[in-house]
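Contents: one structure, followed by commentary.
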Amino acid sequence: MARNITLTIIKPFAVQNGYTGGILGKINEAGFRIVAMKYLQMTPKQAGQFYAVHKAMPFYDSLVSFMSSGPVVAAILEKENAVEEYRKLIGSTDPSKAEKGTIRQLFGKSIQQNAVHGSDSDENAEREAAFFFSEIERY
Ligand code: CDP
Ligand code: MG
């Protein structure tokens, strides 16, 4: 059984509104194992590095400012087909288009403030996990 990882971030708006527990509950119910987790606030420079792939996009500056506006919860999640399974659990980028019962539909407010991040490939999951966690922080 191929168990692999994905990286999630509970975004500032969701943390500020007290959705952390509800979101972690959905993650647990869906059968993900938490490999690593931390509570931190990114600097604008760190948020810019994390989203460097979107640098050319019109929403980049605003996204970097939002993602560094308050504390987030970052976690590595493990499950069979973790990346794909977690993208299914969170739903579409735009919460108004996300399927019923998905994390973004339940807890998202706008396309930017869509409650959580989820990696989009195994390769990016590894890179994003390494951005937040060293080997000795993973269990
Ligand atoms: O997060 P996801 O992989 O579903 O979407 P993305 O296309 O990789 O975009 C990354 C993040 O940028 C989104 O989760 C949104 O927070 C933000 N975004 C935005 O602010 N405005 C857009 N038009 C698209 C994305
Ligand atoms: Mg993405």
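You will find that of ASN17, ASN4, ASN81, the residue that is under 22 Å from GLU137 (Cβ atoms) and more than 13 Å from the chain's Cα centre (by Cα) is ASN4 and no other.
I'd like to check something: does the stretch 53-61 contain any residue that is open to solvent by 70 Å² or more (accessible area, probe 1.4 Å), under 19 Å from PRO12 (Cα atoms) and not polar (S, T, N, Q)? Taking every residue of the stretch 53-61 in turn, at least one turns out to be open to solvent by 70 Å² or more (accessible area, probe 1.4 Å), under 19 Å from PRO12 (Cα atoms) and not polar (S, T, N, Q). Taking the condition open to solvent by less than 70 Å² (accessible area, probe 1.4 Å) and under 16 Å from LYS109 (Cα atoms), does VAL15 pass? Yes. Condition test on LYS45, is it open to solvent by 50 Å² or more (accessible area, probe 1.4 Å), away from ligand 1 (no atom under 16 Å from the Cβ) and farther than 17 Å from LEU7 by Cβ? Considered against the rule, which asks whether it is open to solvent by 50 Å² or more (accessible area, probe 1.4 Å), away from ligand 1 (no atom under 16 Å from the Cβ) and farther than 17 Å from LEU7 by Cβ, LYS45 comes out as yes. For the stretch 91-113, filtered to residues that are among the basic types (Lys, Arg) and within 16 Å of ligand 2 (Cβ to nearest atom), the residue that is farthest from ASN81 (Cα to Cα) is LYS97.
Does the stretch 26-34 include one or more residues that are within 15 Å of ligand 1 (Cβ to nearest atom) and of a type outside the set (A, V, I, L, M, F, W, C)? So far as the stretch 26-34 goes, no, none of its residues is within 15 Å of ligand 1 (Cβ to nearest atom) and of a type outside the set (A, V, I, L, M, F, W, C). So for the stretch 114-124 (the condition being more than 20 Å from ALA14 (Cβ to Cβ), within 12 Å of ligand 2 (Cβ to nearest atom) and touching a strand residue (DSSP E or B) at 6+ places or on another chain (Cβ under 9 Å)), does at least one residue qualify? Yes, the conditions are met somewhere in the stretch 114-124. Candidates in the stretch 20-31 are the residues that are open to solvent by 10 Å² or more (accessible area, probe 1.4 Å) and among the aliphatic types (A, V, I, L, M); of these, the one that is farthest from the chain's Cα centre (by Cα) is ALA30.
The values are calculated or read from the model by the stated rules, or taken from the named source; none is laboratory data. Note that the structure is predicted; figures quoted are calculated from it, not measured. Reconstructed Cβ throughout: ideal geometry from the backbone, glycine too, with neighbour counts over all protein chains shown. When the accessible area is computed, the model is the full protein with side chains, heavy atoms only, and any ligands, DNA or RNA have been set aside. Shrake-Rupley method; radii C 1.70, N 1.55, O 1.52, S 1.80 Å.
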